[in-house]
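Everything on this sheet refers to the single structure shown next.
The values are calculated or read from the model by the stated rules, or taken from the named source; none is laboratory data. On a predicted model such as this, the values are computed, not experimentally measured, just so you know. All Cβ positions, glycine included, derive from the backbone under ideal geometry; neighbour counts span all protein chains shown. Accessible surface is based on the protein model in full, side chains and every heavy atom, while ligands, DNA and RNA are left aside. Shrake-Rupley method; radii C 1.70, N 1.55, O 1.52, S 1.80 Å.
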Amino acid sequence: MADLNVLAFAGSLRAGSYNRALVRAAQALAPAGMTITIFDLAEVPLYNGDVEAAGDPPGVARFKDAIRAADGVLIATPEYNHGVPGVTKNAIDWASRPPRQAVLDGKPVAIMGASPGITGTARGQSQLRQAFEFTNSYAMPQPELLVFRAHEKFDAEGRLTDEATAKFLTAFLEAFAVWIPRFR
Ligand code: FNR
């Protein structure tokens, strides 16, 4: 398999975030040939068209450069009120600009998510998928990775301790490694 560079981020700024923990677990479980680099969205301010017109802030420029350089983007999103949290959506909004020449255009994307609830971010993930219609990004349709009852699957240090979830995550990343080269 050719070397694949994947840029990953979690749509949560919380230190103890399950989604940050999921991204770290993915980094550790990446298949041979795939390197996962984590980007912290704390660097990305709220989208403002006036700020953008004056030039991307440094954190946004770094975020866009990291996506541009990556073969694929891996997102762990929480679900807030049955939808995509602002932190995740804000990052996508910056990276969607300018339309049709954006770093997300034609980029393979994989969506996963973790929540303490029983639906494991299913509705948030579906909503996020809609954004990738506009950005013309290739969101992997299957498999889906819904980490439900997340508080039972990570330890106090944020390490993934649930074997079944680790197995699903490994298979999910292997599928992404097959998905990405389809668009080269
Ligand atoms: C939540 N949470 C939540 N969970 C869920 O499964 N479905 C939902 O609709 C919501 N809604 C919601 C709204 C708001 C404003 C908050 C703050 C939280 C709970 C959420 O899944 C939980 O806080 C996770 O731990 C958030 O993800 P991180 O920060 O752990 O990655």
Identify, please: which residue in the stretch 2-21 is over 12 Å from residue 40 (Cα atoms) and more than 8 Å from the ligand (Cβ to nearest atom) and is, among those, most open to solvent (accessible area, probe 1.4 Å)? 3
Can you find even one residue in the stretch 67-75 that is open to solvent by less than 40 Å² (accessible area, probe 1.4 Å), modelled with pLDDT of 95 or more and within 28 Å of residue 156 (Cβ to Cβ)? yes
Sort out which residues of the stretch 116-146 are within 16 Å of the ligand (Cβ to nearest atom), in contact with a helix residue (DSSP H, G or I) (Cβ under 6 Å, 6 or more places away or on another chain) and either open to solvent by less than 20 Å² (accessible area, probe 1.4 Å) or of a type in the set (S, T, N, Q) (or both), and write them in order of number. 145
In the stretch 41-59, which residue that is in contact (Cβ under 8 Å) with a residue 24 or more places away in the chain and either open to solvent by 60 Å² or more (accessible area, probe 1.4 Å) or in contact with a strand residue (DSSP E or B) (Cβ under 6 Å, 6 or more places away or on another chain) (or both) is nearest to residue 179 (Cα to Cα)? 41
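For (1) of a type outside the set (D, E, K, R); (2) in contact with a strand residue (DSSP E or B) (Cβ under 7 Å, 6 or more places away or on another chain); (3) in a helix (DSSP H, G or I), each residue gets a yes or a no:
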residue	(1), (2), (3)
101	yes, no, no
110	yes, yes, no
131	yes, no, yes
158	yes, no, no
167	no, no, yes
170	yes, no, yes
173	yes, yes, yes
